[in-house]
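Have a look at the structure below, then the notes.
Bear in mind that the values in this text are calculations on the coordinates, not laboratory data. Treat the numbers as computed from the prediction; the structure is a model and nothing was measured. When we count neighbours, we look across all protein chains shown, and the Cβ atoms used for this are built from the backbone with ideal geometry, even at glycine.
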């Protein structure tokens, strides 16, 4: 499995040379449903977790929500039933949208489960091997070659609380076969569908709001583009800065490194709470791989031979996650030490 991001409509650093020193390499992860093993880089797959190391639990607090909560197994069953229904209707448009058995199962699941007491087991979110993502480097002087990301499937307060573990894969000789799972999920969008990855490096530039005032003015003036001989998509003629933001600056979807995305808020400083060092973007956990404004980033392979999207989800929501109503969770870490607090940013 491999994916290729289409070339950008133009070389924006050639049009605006001030951008050239701001270029960064990001690794798009391109998660797609599969059957990963503990030895694969994955989203929502099994972790290479040492059998003799305690599994992480979240101590809370966990505040009950009004919506009924369901178990991870019930969520998986619900997804399988809906996928079966979608395939049935694809083969025969006159087929029932749901069988009596599927309706009974959905009714039972929607009734919910009891709210749990005490600490809850965390869920695997991502496992990333340095061999697959060479740009992935642990902070400080660590020799780790594997990053594991887990989260608590409850809001803290508006998104899951994450836990990061760096380790050397070679030191794991006995893998935990059956890690514990949380009894319920506060949000059905907090359980990732198991996905394999197809890492691809791309070049990114800063968000428009992080640029200097002078450069923002140039990007927002169509005459500046025309003077450099750059053809801006006519749909953006009234706002060429949006052309930069949606088509030229940074890629959508899951990624390692690159530039921080903004949109829900203006940029804010990302300084390590422990030492004040500027934190680096580590991992972007995205709800969707692209949206209406970023379709040009759709891999070439999926433009010519579209991969079927999972049923009942937004377009390109391959992982089945839904973070803060379609947003991204961006993790930033201090480059000085893996022990310093990380920054969790919703945008």
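Some points to look at:
- Those residues of the stretch 205-223 whose amide nitrogen sits under 15 Å from the label point placed on residue 238, 7 Å along Cα→Cβ: 222
- Listed candidates (1) 64, 58, 38; (2) 67, 64, 37; (3) 60, 50, 47 - label of the one calculated as Cα extents along the principal axes in Å: (1)
- Residue 301/residue 24 FRET efficiency (R0 22 Å; Cβ-Cβ; nearest 0.05): 0.35
- The order of the peptides 11-24, 127-140 by mean Cβ neighbours within 10 Å, most packed first, is 127-140, 11-24.
- With contributions of -39500 (n - 2.57) from each DSSP H run of at least four residues, the per-residue ellipticity at 222 nm computed over the chain stands at -4500 deg cm²/dmol.
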